[in-house]
Amino acid sequence: MLVEIRGLSFSRGNRAIFDNVDMDIPRGKVTAIMGPSGTGKTTLLKLIGGQLKPDAGTIRVDGQDVHRLGHNALYAFRRRMMGMLFQSGALLTDLNVYDNVAFPLREHTKLSESVIRHLVLLKLQAVGLRGARYLMPAELSGGMARRVALARAIALDPEMIMYDEPFTGQDPISMGVLVKLIHDMNHALGLTSVVVSHDVRETASISDYVYVISAGKVVEHGSPEKLHHSGSAWVKQFMDGLPDGPVPFHYPANGLIDDLMQSEQGK
Amino acid sequence: MNTRTIEIMVGLFVAAAIAALFMLALKVSNLASYGQDEGYEIKAHFDNIGGLKERSPVSAGGVRVGKVVGINYDNQNFEAVVTISIQQGYQFPKDTAASILTAGLLGEQYIGLDPGGDEENLQPGDEIELTQPALVLEQVIGQFLYSKAQGE
Amino acid sequence: MMRDKLQSLGRHTLDIFARIGRGAEFLIHTLYVLPAILLRPALVIRQLYYVGVQTLVIIVVAGLFVGMVMALQSYIVLVDFGAEESISLMVALSIMRELGPVFTGLLFAGRAGSALTAEIGLMKSTEQLSGMEMMAVDPMKYVIAPRFLAGFISVPLLTAIFMSVAILGGYLVAVELLQLYDGVFWSQLQAKVDFYEDFMNGMIKSVVFGFVIVWIAVFEGFDCLPTSEGLGQATTRTVVHGSLAVLGLDFILTAIMFSA
């Protein structure tokens, strides 16, 4: 196991986002974390990355308790272990594609510019955007920005990559490209991948193991096939994307007739 | 924006600011005269110094020759003691008189030096014997009214 | 009803203290990482361009007009006393003691301060700051420190430029327009403007203003809600709080410096 989460609790204000959650993320595999919007999937990635501190519980990455590291040790640990792909790509807007990918190399290594150039071009080749290296982030489509961000995330050859909603808002072609890239990265580089998403079909197609979380708990976990045949009506509704089920179509309200009658009386 | 262009622009900005600082220091303030202050100090007692302040000018024959560097009160003689710094190169006889004058009717007050005829010159640390206090407008007007009333 | 109002008043008061606390913590963190940025002068130079050079035009134009207006107004008053040769003194003393640092501070808060807040806020809302953290690049060092240092350096430099341009503006009006004698203009200044008392005190003010404005601007950007609304509010707060801080501090500093 690369990541071991034990008894994780985290809350924002009075709202519990995670309540005593246990999770294991196996090394070298693609693990998907799925759940409805607003269940704190992105928060989970930030907890693993050490950007947020849990209220209770531990998160161990490669045997190291992330939240017991000091500031400098945490940064060194991230540099060695983790890459993260943000939903927006999080490219630095004042640098072009090439400089964005070169950024972590220039910040963290003393490599010469010619070596950096080789590395950057190889990483960009891997995501198919070598020809776009002089474009600015503002000139990229959302899918291209994510691919550049992916090239940047693997620039320092981390052990694991966390993908935050990589498929959201993509057209089918970009989506297909990203699905393929995540799959290939995992296979070719032996990266451990954590994919947070609610695009069930795409995510399930590339993941080896799936956690479904809702209301601060792990509702179900297992291989994608197992989840499709889950006994839980809620998981079934989520996996198949049904409009009505345990999660009702209607927000709780009084009967429609009553409401209409009330509005007649000027209320 | 090209890095080199940025560096040049920033360089120009800093150079302009330094030029501005120099102009302000040398052309718009008395910093230049601080350097020439290697003068010698003499003292003078006055009954009343009026509105004289530190850094008030000291002139002789309309030429600025120094400035006031200290104002104290002498508890023994109940007089004001003014320390004057005279620029190096200016010499005055021992019996020079100092009076506190006003530039114009409402202008600032300064010390005017009136050289006498002594053979010897004032040395650093010497004191000017002959002094004339500042004219205080209220007193002058008071005296004028008083003499008018006496005359009638 | 009354209780609700009291509760919300209390909550707002606590919010204000919480913000001040975060601001102080942020400042200490910034000062702590500041020495490291001296090893990366390229980052600071780039920010000096955005913060300093781009504010220069408005500073020069404003300085020129303020100086010219001051000279005209002084003339109108002083000519009645036959003291129009003191125009230069009036202009220079007002500019050096008050208007230079204060105007520069206000203009800087409006032009560069708001831009700093908006830029950092945008970097936050587009996850660029988080992204840097995950790339193990500390945004405090890479983003905040160079901007803070560049702003802190820029304000006194801009103030010096404002002062000299304003005095040149006064010169234009007094000598070219009102036909005052050129030599009188400068000799009045050299005789009566004190380098330490007038000029240096003005520069000290500008250093204090620069520190506070940049602190507010950078903090508001870093602390803003990462939404377009939160960004707008933060930018407004930078301009309002920055300007008020300049005016309030100006009173305090004036009281300390010129009271004796």
| message | Straight-line reach from C:LYS5: which aspartates and glutamates fall under 16 Å, measuring Cα to Cα and dropping same-chain residues less than 8 apart? | response | C:ASP15
| request: Please work out how many pairs of lysine residues in chain A are eight or more positions apart (or on different chains) and have Cα atoms closer than 29 angstrom. | output: 28
| said: Run the Debye formula on the Cα coordinates of chain A, all scatterers equal and no solvent, and tell me log10 I(q)/I(0) at q = 0.10, 0.17 1/Å. | reply: -0.56, -1.35
| message | Cut-off under 26 Å on the C-alpha distance; same-chain residues fewer than 8 positions from C:LYS205 excluded. Which lysines are left, in chain and number order? | response | B:LYS27, B:LYS53, C:LYS192
| Short version: ³J(HN,Hα) in whole Hz for each residue of the range C:230-245, in order, from phi by Karplus 6.51 cos²θ - 1.76 cosθ + 1.60 (θ = phi - 60°), x for Gly and Pro, what are they? | x, 5, x, 4, 5, 5, 4, 4, 4, 5, 5, 5, x, 5, 5, 4
| query | Across 5 Å bins from the origin, how do the percents of Cα pairs in the range C:119-206 run, short distances first? | reply | 3, 11, 13, 14, 10, 9, 8, 7, 7, 6, 5, 4, 1, 0
| Could you give me the ³J(HN,Hα) list for the range C:73-86, computed from phi with Karplus coefficients 6.51, -1.76, 1.60 and θ = phi - 60°, whole Hz, x at Gly and Pro? | 5, 4, 4, 4, 6, 6, 5, 5, 9, x, 10, 5, 6, 8
| field | Solvent-accessible area per residue for chain A (1.4 angstrom probe, square angstrom) | value | 49 Å²
| remark: Here the relative contact order (percent) of chain C, from C-alpha pairs under 8 Å and at least 6 apart, is 32 percent
| message | Taking the alpha-carbon distance from C:LYS141 and a cut-off under 12 Å, which aspartates and glutamates remain once sequence neighbours fewer than 8 residues away in the same chain are dropped? | response | A:GLU107, C:GLU133
| field | Rg and Dmax of the range C:14-252, Cα atoms only, in Å | value | 20.5, 70
| task | Search the structure for amide H atoms under 5 Å from the amide H of B:SER56, placed 1.01 Å from N in the peptide plane, and list their residues when 5 or more places away or on another chain. | result | B:VAL68
| said: If I ignore ligands, DNA and RNA and count only protein heavy atoms, how much of A:HIS108 is accessible to a 1.4 Å probe, in Å² to the nearest 10? | reply: 40 Å²
| Sulfur and carbon atoms: percent of accessible area, the protein assembly as shown [1.4 Å] | 60 percent
| task | Please report, to one decimal in angstroms, the Kirkwood hydrodynamic radius of the protein assembly as shown built from all distinct Cα-Cα pairs. | result | 31.3 Å
| Per residue convex hull volume, Cα atoms of chain B, in Å³ | 192 Å³
| task | Place a +1 charge on the Cβ of each Lys and Arg in the range B:39-142 and a -1 charge on the Cβ of each Asp and Glu, then give the dipole magnitude about the Cα centre in debye, rounded to the nearest 20. | result | 500 debye
| Once C and B are treated as a pair rather than alone, how much accessible area drops out, both sides summed, in Å² to 100, probe 1.4 Å? | 2500 Å²
| query | Under a 1.4 angstrom probe, counting protein chains only, how are C:ILE45, C:ILE95 ranked by accessible area, largest first? | reply | C:ILE45, C:ILE95
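Given the -39500 (n - 2.57) contribution per DSSP H run of 4+ residues, what per-residue ellipticity at 222 nm results for chain A, rounded to the nearest 500 deg cm²/dmol?
The helix-only estimate for chain A comes to -11500 deg cm²/dmol at 222 nm.
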| query | Of A:THR93, B:THR102, A:THR203, which has the most accessible area with a 1.4 Å probe, and how do the rest follow in descending order? | reply | A:THR93, B:THR102, A:THR203
| request: Consider all pairwise Cα distances in the range A:61-139 and report the whole-number % of them above 19 Å. | output: 47 percent
| Leaving out ligands, DNA and RNA but keeping every protein chain, what accessible area does B:TYR73 have, in Å² rounded to the nearest 10, with a 1.4 Å probe? | 140 Å²
| Distance from the Cα centre of the range A:83-124 to that of the range A:214-246, in angstrom? | 39 Å
| Which whole-Hz ³J(HN,Hα) couplings does the range B:54-68 yield from phi under the Karplus relation 6.51 cos²θ - 1.76 cosθ + 1.60, θ = phi - 60°, glycine and proline marked x? | 4, 6, 5, x, 10, 9, 10, x, x, 9, 6, 10, x, 8, 6
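The values are calculated or read from the model by the stated rules, or taken from the named source; none is laboratory data. Only a predicted model underlies this, so the values are computations on that prediction, with no experimental measurement involved. Cβ coordinates were reconstructed from backbone atoms using ideal geometry, including for glycine residues, and neighbour counts include every protein chain displayed. In case anyone asks, the SASA skips ligands and DNA or RNA and just uses the protein heavy atoms, side chains included. Shrake-Rupley method; radii C 1.70, N 1.55, O 1.52, S 1.80 Å.
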